[in-house]
Amino acid sequence: MNRPEKIQTLRRAFTSYPQGVAACEEELAPERIWQALTGELPAAERRDVVAHTATCPACAEAWRLARFMRTEATGSAPVHHMGRGPEEGSQVVAGPWKQYLPHVLAAVAAALLITVGAGVIPGPWGAPEPIPTGIGETPTMRGDAGEQALASEIEAGAELPREDFRLRWEPASQKGARYKVTVMTEDLETVVTARGLEEPVYRVPPERFEGLDDGTRLLWQVEARLPSGEQETSASHTNVLG
Amino acid sequence: MNQHGDHSPSDGVPPRTASDGRDFSETYVEISQRLEKAVAAVCPRWLADRREDLVQVALLRVMDLARKSEGKREFSSSYLWRVAHSALIDEIRRQRRRQEISLDDDEPGGFDFATSHEADPEQDASGREVGDGIRHCLTQMVQNRRLAVTLYLQGHSVPESAEILGWTLKKTENLVYRGLTDLRDCLSSMGLEP
């Protein structure tokens with residue numbers, strides 16, 4: 001069974017609700033489920049509702065019914081505007097620093113693979129399959145499996161001073177490329193995203209590190225939009241805040 | 001009937017026009033059809049076979065609310081959808097509780113294959129086991145991964161999940177990936193293979 005089939009099997013198993021399966025003890029009001037799905041609740045409360053549906057088949061079913069009804073009504077998938085952007089915006093300094101967890105490195109290393117191989121990731125089951133992001137983006141990668149595009153020109157893991165946290169990388173394969181750099185903490189809180197860079201270098205403004213301790217390990221990744229319209233994406237690089 | 005041809009609340013007939021000008025008769029028909037499709041698509045077969053009854057009860061509640069509310073508050077067609085969903089869920093839950101009671105009375109041990117409309121009891125039992133296993137594994141995950149994977153299993157795309165959860169796309173994508181890995185490992189440790 002390939003990965004997409006396994007995902008479908010998982011979905012069928014999760015969304016099945018046979019007779020005799022008891023409902024949860026505290027079912028959510030249908031109104032609340034509807035409000036969470038439509039974005040009328042604040043993000044934290046939406047997350048609470050989703051958390052409840054993880055273990056309550058009845059409320060999970062109510063969620064699916066609401067989604068189906070809204071999808072049918074609008075004629076498309078209910079990608080709705082919540083009236084606010086993501087709470088963790090791409091230009092916002094991360095919240096309080098979270099304690100470093102050793103296993104996060106391993107998870108991050110796995111996440112690096114997301115950027116390798118033209119947007120394909122090695123799935124948990126079977127051969128690599130792309131996660132259906134629904135955004136239709138297929139970044140192309142330069143070179144074969146052994147060659148990484150936009151390689152860092154800084155020693156991996158090197159400490160960089162807070163006041164001059166300057167990132168450098170190899171230029172894209174075509175002149176005239178525009179770069180986007182994303183810097184985040186190891187638990188994936190975005191520190192800063194810089195777009196439209198014309199040179200393969202970026203100095204992170206020191207104020208972006210507010211709240212982060214010295215010794216914080218930071219991940220950064222570069223995307224290059226080429227004049228031809230193609231895109232190159234680097235692996236994730238790691239350096240330490242000094 | 002008033003000068004516009006609309007019925008007043010006192011004659012027991014639901015209003016014909018919403019605050020947004022839509023003709024409610026069309027809306028009621030549309031709601032009825034939509035509810036039937038939703039139940040047929042989402043609910044298990046034993047419940048979907050009763051969708052006409054479910055929809056009728058839900059629709060009566062919608063009409064009753066509309067009738068009682070006329071003149072007291074403004075409401076729109078979209079509000080009726082919300083009410084229709086609530087009414088449907090309440091009725092489904094009532095049916096399920098009734099089923100649980102009847103199963104307890106008739107089959108104290110478990111699944112009532114005699115009344116089940118599922119095609120293959122063995123397959124259904126296996127699927128139920130995996131479903132229970134998935135829900136158990138979700139409780140073992142860190143919260144953020146649990147949320148991302150739950151929405152993914154519910155059929156949402158990653159961008160949809162990101163918007164619902166209020167997170168960036170990249171964060172959500174990574175959490176789905178890691179969460180599915182956790183799920184695989186957990187199910188394997190339980191001897192369950194999807």
Could you check the simple spin-label distance between A:GLU170 and B:ALA40, using points 7 Å along Cα→Cβ, in nm with one decimal?
5.7
How much length, in nm to one decimal, is gained on full extension between B:GLN143 and B:ASP53, taken as 0.36 nm per residue of separation minus their Cα-Cα distance?
28.5 nm
7 Å from Cα along Cα→Cβ at both B:MET190 and B:HIS136: what's the point-to-point distance in nm?
0.5
Average other protein chain Cβ within 10 Å of Cβ, residues B:27-34
1
Mind checking B:143-153 for the average number of partner chain beta-carbons within 10 Å of each residue's beta-carbon?
5
State, to one decimal in nm, how far the label point of A:GLU159 lies from the label point of A:ALA44, with both points 7 Å from Cα in the Cβ direction.
3.6
Residues whose placed amide H lies under 5 Å from that of A:LEU167, excluding near-sequence neighbours:
A:TYR202, A:ARG203, A:VAL204
From other protein chains only, count the Cβ atoms within 10 Å of every residue's Cβ in A:49-59, then give the mean.
5
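Only the coordinates and a few stated rules stand behind these numbers; no lab work does. Remember, it's a predicted structure, so these values are computed and weren't measured experimentally. No Cβ is skipped: glycine too gets one built from the backbone with ideal geometry, and neighbour counts run over all protein chains shown.
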